[in-house]
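Enquirer: I'd like to ask you about the structure that follows.
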Amino acid sequence: GDDDFYKWINSQAGSTIERRDVLIKLLDHEHNPVFIWKVKRAFPIRYSGPVLKASGSEVAMEELELAHEGFDVIS
């Protein structure tokens, strides 16, 4: 029920771009973090969502491209 993420990625259409610090976590098969990146002052520049087909069995993929002012590898 939380649509804060989608409000943020859609904020690029407005006159003010909201920049946020973002954590990106690469998880293993047990959902434990393997690598964590802290991205500084990021904002979305492109988003594409899945095309769902009732007759298909493909995995639904989403893609988010961010612009940022640097990042650190935490682990």
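Enquirer: Could you look at the chain and say what percent of its accessible area is carbon and sulfur, using a 1.4 Å probe and all protein chains?
Expert: It is 53 percent, rounded to a whole number.
Enquirer: Can you tell me the dipole magnitude for the chain around its Cα centre, using point charges on the Cβ only (Lys, Arg +1; Asp, Glu -1), in Debye to the nearest 20?
Expert: Its charge dipole is roughly 260 debye.
Enquirer: Among the lysines, which have Cα under 27 Å from the Cα of K38 when same-chain residues fewer than 8 positions away are ignored?
Expert: Answer for K38, where 27 Å is the Cα cut-off: K7, K25, listed by chain and number.
Enquirer: Helix-derived [θ] at 222 nm for the chain: sum -39500 (n - 2.57) over DSSP H runs of at least 4, divide by residue count, nearest 500?
Expert: -2500 deg cm²/dmol
Enquirer: Could you calculate the contour length gain from D72 to I45, that is, 0.36 nm times the residue separation minus the distance between their Cα atoms, to one decimal place in nm?
Expert: 7.7 nm
The values are calculated or read from the model by the stated rules, or taken from the named source; none is laboratory data. Please read these numbers as outputs of a predicted model, since none were measured by experiment. Cβ atoms come from the backbone with ideal geometry, glycine included; neighbour counts cover every protein chain shown. These area figures cover heavy atoms from the full protein model, side chains too; ligands, DNA and RNA do not enter into them. Shrake-Rupley method; radii C 1.70, N 1.55, O 1.52, S 1.80 Å.
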